[in-house]
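Undergrad: The structure's right below; bear with me while I get my questions together.
The values are calculated or read from the model by the stated rules, or taken from the named source; none is laboratory data. Worth saying up front: this structure is predicted, and the values here are computed from it rather than measured. We place every Cβ from the backbone using ideal geometry, glycine too, and count neighbours over all the protein chains shown. Note: accessible area is taken over every heavy atom of the protein model, side chains too, but ligands, DNA and RNA are not part of it. Shrake-Rupley method; radii C 1.70, N 1.55, O 1.52, S 1.80 Å.
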Amino acid sequence: MEASASYVEQLESALDARAKWLETVQIPLLKETLIAYQSLFEGAMAMVIRKGLLREDPYNYEQAFTEIVIPSDDPLPDFENSDEVSFRLASFRRQLKFISAEGTFDLHSLGLARLKKLSGLISYINWLGFGESSTSPTTRAFARAFMKVRMGSDTMAAQILKDCEIQITKTVHQIRTIIAELIAFHRESWKAELRRKVLSQVDLGPQEGRNRKEELSRSVRRGFSQAMAGKPWYPALADEVIHEEIMEDGPARKDKILASLVVAEPEAVKVTAAPEGRTVLMEAVRVLCRPHEEVATALAVLEENERLLRDSRGSGGGWLRRLLGRGGDPQAESRSYKVQYAEPGVPDPRTEVIDFPVFFTDTQKKSSLMAALASGKGPAYRKLDATSEELLANFLDRQLNELLLIHRRLASLNTLFQARATQEKKSTRGIKIELLTIKNAIVKANQRRHDYKEKEAAPARSSS
């Protein structure tokens, strides 16, 4: 009995420390992740609805909730089940909204029964086994609509849903981990209370094997009905307590429980020195030069499209001469194109004339330089790395501006050629993916340039 009393004391001390950690760290994190999940799922649903594969709640009514209610996941009809799926997912979304906005988050309210419901709600769409082979009818139906967008021709929508799925999967893992920690805590808390209020009044003296276990079970059950009236009875947990007291591996089990309740000390944040300015600038240059292949590909596609459209009407005038208001000798035909582009902050579109052969040659040279610098080695890279930091910063600024201009002109020419191809009923290739890759490189390189400027400005602010 003394050994048992000592264990109860250690157990309750560990549970107290664990409770404080759960209340201050894990439960607030649980609420944050549930809100994040709700937001991510709303984004995914909005995209699928926008594509016309599912609908907003066809019954369009609000419900008031006081507790978690898991929507139906019964088998769906083979045909015309879109409305039923939309209705189920609308109910699921309302439940997520209820939990995120109105749910009570504290250790007392998040008991075993409520945690079980919350776990069931989070698993309603099986993201860890997401697909048309899922055992859940609702998950299968939603996955079918979801994957039509993911694998569709709209690359932007497909990328949005891909990122959304990745983030949701991570979030669900995190939610399930926290719920598992809370369940484990409540299980051990119930067992600790049973030990303190009931087991301390039960004779644990030696008896024979199975008879002893059965007699202890009956005694614990009788004691529970008196000492813990009104509390839920968990036979499996009561059996665990008895096992920990009378079986040979009982002490090992107790040690394992105490170890599981220990709150790990947070890892000390490692403070690493900020990278030097030169390192930041060189990284920005490499990032900016990565899409050299996309620049070359986009240029080749535009050249191919221009040739196709120039040849489309032979010597009979051609759309390019009509576009420029020219007639007469085809040999006098110019390869300069008047294009429009949007200028940030300016309501009306701007225009410029692009000499295609000159633009083609200059951009080819730029692509070759980018390839040399992106490799991080070679004479051009070594020469750049040996320059002063000020010259390196100026070089980066110049390359950023030049690549921005190239991106704008590639986009303008692509729009012009695609519009003319539609009029001529010709099939041409587009360069949207290449343009997006180039734009992303510009944004990332510019962010590193901004980081460098912030780093340079910090000493000046501190000295003043």
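Undergrad: Among the residues of region 388-410, is there at least one that is within 12 Å of Val295 (Cα to Cα) and aromatic (Phe, Trp, Tyr)?
TA: no
Undergrad: What are the pairs with Cβ atoms under 8 angstrom where one residue, in region 238-251, is touching a residue at least 60 places away in the same chain (Cβ under 8 Å) and assigned to a helix (DSSP H, G or I) and the other, located anywhere, is polar (S, T, N, Q) and open to solvent by 10 Å² or more (accessible area, probe 1.4 Å)? Sequence gap at least six, or different chains.
TA: Glu245/Ser4
Undergrad: Which residues, taken from region 424-435, are in a helix (DSSP H, G or I) and open to solvent by 70 Å² or more (accessible area, probe 1.4 Å)?
TA: The answer is Lys432, Ile433.
Yes/no matrix, rows are residues, columns are (1) open to solvent by less than 20 Å² (accessible area, probe 1.4 Å); (2) among the charged types (D, E, K, R); (3) touching a strand residue (DSSP E or B) at 6+ places or on another chain (Cβ under 8 Å):
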| position | (1), (2), (3) |
| --- | --- |
| Ser153 | no, no, no |
| Thr169 | no, no, no |
| Met228 | yes, no, no |
| Lys231 | no, yes, no |
| Asp239 | no, yes, no |
| Glu244 | yes, yes, no |
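Undergrad: Is it true that some residue in region 181-189 is among the acidic types (Asp, Glu), in a helix (DSSP H, G or I) and open to solvent by less than 30 Å² (accessible area, probe 1.4 Å)?
TA: Scanning region 181-189 turns up at least one residue that is among the acidic types (Asp, Glu), in a helix (DSSP H, G or I) and open to solvent by less than 30 Å² (accessible area, probe 1.4 Å).
Undergrad: Looking at Ala421, is it farther than 24 Å from Thr351 by Cα and either surrounded by 14 or more Cβ atoms within 10 Å (Cβ to Cβ) or at pLDDT below 90 (or both)?
TA: In short, no.
Undergrad: A further question on this structure: Does region 323-338 contain any residue that is modelled with pLDDT of 85 or more, hydroxyl-bearing (Ser, Thr, Tyr) and open to solvent by less than 50 Å² (accessible area, probe 1.4 Å)?
TA: Checked region 323-338: at least one residue is modelled with pLDDT of 85 or more, hydroxyl-bearing (Ser, Thr, Tyr) and open to solvent by less than 50 Å² (accessible area, probe 1.4 Å).
Undergrad: Okay, moving on. Looking only at region 99-132, count every residue that is at negative phi and under 23 Å from the mean Cα position of the chain (by Cα) and tell me the total.
TA: Final tally of qualifying residues: 17.
Undergrad: Restricting attention to region 341-358, does a residue exist that is under 30 Å from Glu283 (Cβ atoms), open to solvent by less than 60 Å² (accessible area, probe 1.4 Å), at pLDDT 85 or above and assigned to a helix (DSSP H, G or I)?
TA: Taking every residue of region 341-358 in turn, none turns out to be under 30 Å from Glu283 (Cβ atoms), open to solvent by less than 60 Å² (accessible area, probe 1.4 Å), at pLDDT 85 or above and assigned to a helix (DSSP H, G or I).
Undergrad: Condition first: out of contact with any Ser or Thr (no Cβ under 6 Å at 6 or more places or on another chain) and free of Cβ contacts under 8 Å to residues at least 60 places away in the same chain. Now tell me which residues in region 353-366 satisfy that.
TA: Ile354, Phe356, Pro357, Val358, Phe359, Thr361, Asp362, Lys365
Undergrad: Out of Ile438, Ile406, report the one residue that is in contact with a His (Cβ under 6 Å, 6 or more places away or on another chain), touching a residue at least 40 places away in the same chain (Cβ under 8 Å), open to solvent by less than 30 Å² (accessible area, probe 1.4 Å) and in a helix (DSSP H, G or I).
TA: From the options Ile438, Ile406, the qualifying one is Ile438.
Undergrad: If you don't mind, there's one more thing I want to ask. Condition first: free of Cβ contacts under 8 Å to residues at least 12 places away in the same chain and closer than 18 Å to Leu436 by Cα. Now tell me which residues in region 274-301 satisfy that.
TA: Ala300
Undergrad: Right, next: How do the helices (runs of 4 or more DSSP H) wholly within region 27-145 filter down when requiring 3 or more residues that are buried (at least 17 other Cβ atoms within 10 Å of the Cβ) and free of Cβ contacts under 8 Å to residues at least 60 places away in the same chain: which remain?
TA: Those helices (runs of 4 or more DSSP H) span 82-102.
Undergrad: Would you confirm whether any residue within region 449-459 is out of contact with any Leu (no Cβ under 7 Å at 6 or more places or on another chain), at pLDDT 85 or above and surrounded by 14 or more Cβ atoms within 10 Å (Cβ to Cβ)?
TA: no
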